[in-house]
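Following: one structure in structure tokens, then a few remarks.
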Amino acid sequence: MEKIIIEGGARLDGIVRISGAKNAALPVIVASILTDKENKINNVPSLKDVDTTCQLLKGIGVRVERSEDGQVIADASHINDTEASYDLVRTMRASVLVLGPLLARLGKAKVSLPGGCAIGARPINLHLKGLEMLGAKITLEHGYIVAEAKKLKGNRIYFDIATVTGTENVMMAAVLAEGKTIIENAAREPEVVNLASVLNSMGALIRGAGTDIIEIDGVTKLKGGEHTVIPDRIETGTFMVGAAITGGDVEMKDCIPEHIEPLTMKLREAGAYVDTGEGWIRVRGNGRTESVDVKTAPYPGFPTDMQAQLMTLMTISEGTSVITETIFENRFMHVAELRRMGADIKVEGNTAVINGVTKLSAAPLMATDLRASASLILAGLAAEGETVISRVYHLDRGYEAIEKKLSALGAKVRRIK
Ligand code: EPU
């Protein structure tokens, strides 16, 4: 098993290019199922979850080609299967995104029901409810969701909770449904907007993406096209915290500053200098940061995917910080690891109270999920001594070339087998 070793104490300094967003790339690649024409997708990051998505599509008969420069070509003209197996879904929950497109294009989908997850139960009842509202008949057989519909019909769908992949799944099904679909309390995340604009460029008629009401007029056919994945706002944010926590000076280039504004505001409140311009953000440390309070919320609130990384910064900030996680019920797995480095954190339900200490000390650590892993990397950068992080495969699901990017900024980080 691979491990990452970090010698703490180096300042991050320089420019880092932000990769395409994992959570935008996955639905855009999956959307190629909706047409028999070829799609070219640019700015796709090189990540384990992208590999899994391509493998899933190949398994159902989609021709998928990937090039070194981040382009994926997908051609679903000879799609011949409708099943996403347990083996794939258990390694990547986002596999459930094929449910809506398969149902819309082939009238049938069989997808393994995902189990629990390190960060929470993460049910998909809202995805299923939405598809049922479009006329799908859904049954559960031997751990698989079997969805069938001769012809999907547009409807009014209200989500009790704004769900990102749920909105994407239903939106992809509704583009080929008969008539109009209205999704109320839709997720407003930039990844949903990216998917909607890709679908529109393929001939779909979607209005309102980015607001909580999305209207879709069904069409009979979609065409192919060439698309670009938006920059990864969570990778951007992770490097922003990296700059602040090491007292460094880093420019994140090829990013979209508006997408990570809640973090920008918190870092400024904590005392770091943050400047932004067209396609770039620069973060400069300014001595020890001060504690700030944070509550995660759906976009445009503070992203749950940045909660762990901000908590790491709070462990060595001046004062007491209160962090409340409102999206996932078990997203404090990093706390126990951070405590092993000397952090003073108390957890009560979905709230963590962090009393800033003056320093963290390096320790052997275990990564538990993707964003928790990123928070441990940040802790290692700031800690005194050598931190060894195991189970780094979590990191490879969502951060492209992270140790190369960090090394280029001056971090002392390496990977060992
Ligand atoms: N929920 C339900 N029922 C559903 C769907 C969701 O109760 O049918 C609940 C969830 O349990 C959660 C809340 O609704 O409490 C919001 O979950 P959401 O469905 O929005 O999450 P997701 O679509 O499964 C995506 C990202 C996550 C990110 C969340 C929240 C992808 C592939 N994944 O997950 O990304 O944390 O939105 O922003 O887009 C990550 O990248 O590390 C990651 C976990």
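If I filter segment 278-303 down to residues being in a loop (DSSP other than H, G, I, E, B) and of a type in the set (Ser, Thr, Tyr), which single residue comes out as nearest to Phe239 (Cα to Cα)? That would be Thr289. Restricting attention to segment 274-287, the residues being within 14 Å of Met240 (Cβ to Cβ) and either out of contact with any strand residue (DSSP E or B) (no Cβ under 7 Å at 6 or more places or on another chain) or open to solvent by less than 80 Å² (accessible area, probe 1.4 Å) (or both) number 8. Which of the residues that make up segment 146-167 are of a type in the set (Ser, Thr, Tyr), under 19 Å from Pro114 (Cβ atoms) and open to solvent by 10 Å² or more (accessible area, probe 1.4 Å)? Of everything in segment 146-167, those that are of a type in the set (Ser, Thr, Tyr), under 19 Å from Pro114 (Cβ atoms) and open to solvent by 10 Å² or more (accessible area, probe 1.4 Å) turn out to be Thr163, Thr165.
Only a single criterion out of (1) away from the ligand (no atom under 15 Å from the Cβ); (2) farther than 18 Å from Ala31 by Cα; (3) in a helix (DSSP H, G or I); (4) touching a residue at least 40 places away in the same chain (Cβ under 8 Å) is not satisfied by Lys150, namely (3). Of all the residues in segment 54-72, those that are on the phi < 0 side of the Ramachandran plot, assigned to a loop (DSSP other than H, G, I, E, B) and small (Gly, Ala, Ser) number 1. Go over the candidates Val28, Val44 one by one and state the one that is of a type in the set (A, V, I, L, M), surrounded by 22 or more Cβ atoms within 10 Å (Cβ to Cβ) and not in a helix (DSSP H, G or I). Going through Val28, Val44 in turn, the sole match is Val44. Taking every residue in segment 118-132 that is within 30 Å of Arg391 (Cα to Cα) and pairing it with any residue that is part of a loop (DSSP other than H, G, I, E, B) and among the polar types (S, T, N, Q), at least 6 positions away or on another chain, the pairs with Cβ-Cβ distances below 6 Å are Ala118/Thr368; Ile119/Asn330; Gly120/Asn330.
Filter segment 288-316 down to the residues that are hydrophobic (A, V, I, L, M, F, W, C) and either open to solvent by less than 10 Å² (accessible area, probe 1.4 Å) or more than 14 Å from the ligand (Cβ to nearest atom) (or both) and list them by number. Across segment 288-316, the qualifying residues are Val292, Val294, Met306, Ala308, Leu310, Met311, Leu313, Met314, Ile316.
Okay, residues lined up against (1) assigned to a helix (DSSP H, G or I); (2) open to solvent by less than 30 Å² (accessible area, probe 1.4 Å):
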| residue | (1), (2) |
| --- | --- |
| Asn169 | yes, yes |
| Ala173 | yes, yes |
| Leu176 | no, yes |
| Val193 | yes, no |
| Ala196 | yes, yes |
| Ile206 | no, yes |
| Ile216 | no, yes |
| Lys223 | no, no |
| Glu226 | no, no |
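Scanning segment 102-145 for residues being within 8 Å of the ligand (Cβ to nearest atom) and either open to solvent by less than 40 Å² (accessible area, probe 1.4 Å) or out of contact with any helix residue (DSSP H, G or I) (no Cβ under 7 Å at 6 or more places or on another chain) (or both) gives a total of 10. Within this structure, Thr264 passes the test of being part of a helix (DSSP H, G or I), more than 28 Å from Asn39 (Cα to Cα), out of contact with any Lys or Arg (no Cβ under 7 Å at 6 or more places or on another chain) and without any contact (Cβ under 8 Å) to a residue 40 or more places away in the chain.
The values are calculated or read from the model by the stated rules, or taken from the named source; none is laboratory data. Quantities reported herein were computed from a predicted structural model and do not represent experimental measurements. Here Cβ is always computed from backbone atoms with ideal geometry, including for glycine, and neighbour counts include all displayed protein chains. Calculation scope for accessible area: heavy atoms of the full protein, side chains included, ligands and nucleic acids excluded. Shrake-Rupley method; radii C 1.70, N 1.55, O 1.52, S 1.80 Å.
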